[in-house]
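Each remark here refers to the structure printed beneath this line.
Read-outs throughout are calculated quantities, based only on the coordinates presented, and are distinct from any laboratory measurement. These numbers were taken from a predicted model, which means no experiment stands behind them. A quick note on method: Cβ atoms are made from the backbone with ideal geometry, for glycine too, and the neighbour counts reach across all protein chains shown.
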Amino acid sequence: MSTTELFLIAMTIILGVPYLIWRVFRTDYWAPLVVVQILTGILLGPGVLGKIFPGYYATVFAPPVIAALNGIAWWAVMIFVWIAGIELDLREVWKQRRECGTTAAFALGAPLLTGCLAAIGMLAWRAGWMGESASTWQFVLGIGMACAVTALPILILLMEKMGILREPLGQRVLRYASLDDLAIWAVLAIILLDWQRVGHQLAFLAIFAVAAWLFRRLMARVTEMDRYFIGLVWLAACGYGADWCGLHFMVGAFLAGAVMEREWFSLERLDGLRHNVLLVVMPVYFLSTGLRTNWQFGGTAVFVAAALLLVASVVGKLAGVGVAGKLLGWKRGDAWTVGWLLQTKALIMIIFVNVLLDRHIITSETFTALLLMAVASTMLTVPIVAPRLKREDFRSAPVERTTGPNAELPS
């Protein structure tokens, strides 16, 4: 078969299999379509499908097909991170700076600490977790930050499903997550700092500062539709610049969005763009992520590491938010709900650890353990938070319609 035919077979599998699983088994209460797509990507990867049907796997996912899929995946995830940058609303955070700063600091700092301790434990347990290009501090800080991540775009999706996104609770959680999201990319830039290319990196940041000022002046003068076209050109240019200087194109994608104003776009169109990216091209990214999983240590070691990281992530996040709640005088139970919402991982963490893998800071076995932790973390959120929303008056509208196990909750 031609490369085109193999590519279309691969696309049929990528789009069809997770949708059938999600729809037939009605998994949305505990596993949204996004999570099913990630899990399907793992199953279609070399560790599962490649071991069971090596000939079929080698034929369908041949190198030319993988190259084509990777191109789509890169652009898809760049757009997704760009939108996440646009959605940062730091002005609203500034208005509530004491509460937001305290909560975000503890919500990030506590799981960062427990994650770093877990990383040190992994290194003491056995060799093979740390990448060939990593220093110990880079590995430990990278794992710690992966445990501290809050996935802002997926958090928005889950809160939409539970009907609290536009309610006071949902807006509070978004402010906390926005600060943590900003910190994630700042820490990633520190981890990726290359002293041999620091001149290039400083040059990129200087050029970016001037270009961003000119870009913002231009965007303020054009129509909304023109802003989308110009914004995408800006995204590609920033991604190239960041990758050229060694910071990785994902850092450039986030910076491209972060200097843009959310008010430049209607909320409905921006939400629609995010949903369409998730529907049309992000499944390819999930597949490409699954293709990078590795079980070379054997399933036991990888699953034990994933469990350790999950405990470090959840316990750290709940403890940190709990301390913040005590300091700020929240009512009883608020910290538990907010903590579980903020421990949602999924996409942003997967993007984060993909960058660590690309830069050889972690190995593919560590990547697999982190991927399993991200999936489990996200799957826990709705089943734990939704029953509490039923019992407590967190929003004005009833919750029964959208949070039951048989509810229609489209992604």
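Peptides 27-34, 75-82, 98-105, 122-129 ordered by packing proxy, namely the average of other Cβ atoms within 10 Å per residue, highest first: 75-82, 27-34, 98-105, 122-129. Each residue of the stretch 212-219 is assigned a 3J(HN,Hα), and the resulting list reads 5, 4, 5, 4, 5, 5, 5, 5 Hz, derived from the Karplus form 6.51 cos²θ - 1.76 cosθ + 1.60 (θ = phi - 60°), x at Gly and Pro.
When every Cα-Cα distance of the stretch 50-136 is counted in 5 angstrom steps from zero, the calculated P(r) takes the values 3, 10, 9, 9, 10, 15, 16, 14, 7, 4, 3, 1 percent.
Between Leu232 and Phe303, the contour length at 0.36 nm per residue exceeds the alpha carbon distance by 21.6 nm. Under a 5 Å amide H cut-off, with hydrogens placed 1.01 Å from N, Ala134 pairs with nothing among residues at least 5 apart or on other chains. Based on Cα contacts under 8 Å between residues 6+ apart, the chain shows a relative contact order of 32 percent. Along its three principal directions, the equivalent ellipsoid of the chain from the Cα gyration tensor extends over semi-axes of 29, 27, 24 Å, largest first. On the beta carbon distance between Met225 and Val280, with R0 = 22 Å, the FRET formula returns roughly 0.70.
Just so you know, the Cα atoms of the stretch 1-107 work out to an Rg and Dmax of 19.6, 61 Å.
Summary of packing: across the peptides 53-63, 358-368, the per-residue average of other C-beta atoms within 10 Å ranks them, highest first, as 358-368, 53-63. With both labels modelled 7 Å from their Cα along Cα-to-Cβ, the Leu327 to Arg126 distance reads 3.9 nm.
Between the amide H of Ile362 and those of Gly131, Leu357, distances stay under 5 Å, these residues lying 5 or more places away or on another chain, with hydrogens modeled in the peptide plane.
Rounded, prolate or oblate, given the Cα gyration tensor of the stretch 226-336, with a/c below 1.5 counting as rounded? Note, shape of the stretch 226-336 comes out oblate. How far is the Cα center of the stretch 148-225 from the Cα center of the stretch 238-303, in Å? Measuring centre to centre over Cα atoms gives 12 Å. Placing dummy labels 7 Å off each Cα toward the beta-carbon, the span from Arg197 to Phe53 is 3.9 nm. In summary, the stretch 155-240 shows an alpha-carbon radius of gyration equal to 1.46 times the 2.2 N^0.38 Å reference for compact globular proteins. Specify whether the C-alpha gyration tensor of the stretch 104-256 places it in the rounded, prolate or oblate class, a ≥ b ≥ c being the square roots of the eigenvalues: rounded for a/c under 1.5, otherwise prolate if a/b is larger than b/c and oblate if not. The shape class here is oblate. When the pairs Lys161/Lys317; Lys51/Lys161; Lys331/Lys390 are compared against a 27 Å limit on Cα-Cα distance, Lys51/Lys161 fall above it. Oblate is the label for the stretch 209-283. Its Cα gyration tensor axes, ordered a ≥ b ≥ c, give a/c of at least 1.5 and b/c at or above a/b.
For the peptides 203-212, 169-178, residues were scored by their other Cβ atoms within 10 Å and the scores averaged per peptide; the highest-first order is 169-178, 203-212. Considering only alpha-carbon pairs that sit under 8 angstrom and 6 or more positions apart, the relative contact order computed for the stretch 1-70 is 40 percent.
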